[in-house]
1. When residues of segment 102-122 are filtered for being buried (at least 16 other Cβ atoms within 10 Å of the Cβ) and either over 9 Å from residue 153 (Cβ atoms) or of a type in the set (D, E, K, R) (or both), how many remain?
2. Just for strands (runs of 3 or more DSSP E) wholly inside segment 62-159: which have at least 2 residues that are over 28 Å from residue 40 (Cβ atoms) and of a type in the set (A, V, I, L, M)?
3. As an exercise: evaluate residue 62 against (1) touching a strand residue (DSSP E or B) at 6+ places or on another chain (Cβ under 6 Å); (2) farther than 30 Å from residue 136 by Cβ and give the number of the one condition it does not meet.
4. Can you name every residue in segment 161-182 that is among the aliphatic types (A, V, I, L, M) and farther than 15 Å from residue 206 by Cα?
5. Here is a list: 177, 149, 189. Which entry is of a type outside the set (Ser, Thr, Tyr) and in contact with a helix residue (DSSP H, G or I) (Cβ under 8 Å, 6 or more places away or on another chain)?
6. Within the group 141, 178, which residue is of a type in the set (A, V, I, L, M), more than 24 Å from residue 113 (Cβ to Cβ), in contact with a Pro (Cβ under 7 Å, 6 or more places away or on another chain) and modelled with pLDDT of 95 or more?
7. Could you please find all residues in segment 103-125 being within 20 Å of residue 192 (Cα to Cα) and touching a helix residue (DSSP H, G or I) at 6+ places or on another chain (Cβ under 8 Å)?
8. Evaluate segment 12-33: report whether one residue or more is surrounded by 16 or more Cβ atoms within 10 Å (Cβ to Cβ), part of a loop (DSSP other than H, G, I, E, B) and under 16 Å from the mean Cα position of the chain (by Cα).
Amino acid sequence: MSSLETRYLAVCERIERACRRAGRSPGEVTLVAVSKTFPAGLVAALHELGHVDFGENKAQELAAKASDLPDTIRWHAIGHLQRNKVRDVISFAHTFHALDSDRLAVELNRRSEAAGRILPCLVQVNVSGEATKSGLDPDAVHGFVDGLAAFASLRVVGLMTLASPAEDPEDVRSEFAVMRRLADSYRGAGGRLEALSMGMSHDFEVAIEEGATHVRVGSAIFGER
């Protein structure tokens, strides 16, 4: 068994254990293997083990890998997106996890409409309040999602966040709980916010216990960058 397979199976087991603690089914959680900066060969090797969902932070890197790798891979664009890179996301990403402005929504909708597709999107929330992070203030989320209902080529499926850096994952449990409450309490025109993309290599188990449906795990699978 390769080191990649060993790490991957260990992450899958940790997800299963976290789900059991939370009384959830592991089938409710999508593991997004974050392959940023790692070579396409490692992505191919993990895909050969049966893994489907991969995440990239940069649109150009996503496009380059998606062009070279099997179309059975489901790509997630998970990083901050400049409007001049929207075309790559529309062309190659199954889901966009970082919608955080009206201007970006306009461009995504325009490009999606031209491509004849509806793009699943998650709204990025700055739950930690850190000035260096992208995302909406939690108080602005419901109104923003209401406004997105006007974009026929975007489908808002949930929320995404990056928690505060913390040595102890328990220190950010409250941030994940805020995200769950934001999603559960939304009753607007945008429909139910069923997806919660939150939790990374150091804190994904706590995120699952607080309701994450997508966890974005890189180094715990691929190794340190």
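1. 8
2. Because the criterion is at least 2 residues that are over 28 Å from residue 40 (Cβ atoms) and of a type in the set (A, V, I, L, M), the strands (runs of 3 or more DSSP E) in segment 62-159 that meet it are 119-125.
3. Here residue 62 meets the rest and fails (2).
4. Across segment 161-182, the qualifying residue is only 182.
5. From the options 177, 149, 189, the qualifying one is 189.
6. After ruling out the rest, the residue left standing is 178.
7. 105, 118, 119, 121, 123, 125
8. So far as segment 12-33 goes, yes, one or more of its residues are surrounded by 16 or more Cβ atoms within 10 Å (Cβ to Cβ), part of a loop (DSSP other than H, G, I, E, B) and under 16 Å from the mean Cα position of the chain (by Cα).
The values are calculated or read from the model by the stated rules, or taken from the named source; none is laboratory data. Quick caveat, the model's predicted, so the values are computed rather than measured. With ideal geometry, Cβ positions are generated from the backbone for all residues, glycine too; neighbour counts draw on all protein chains shown.
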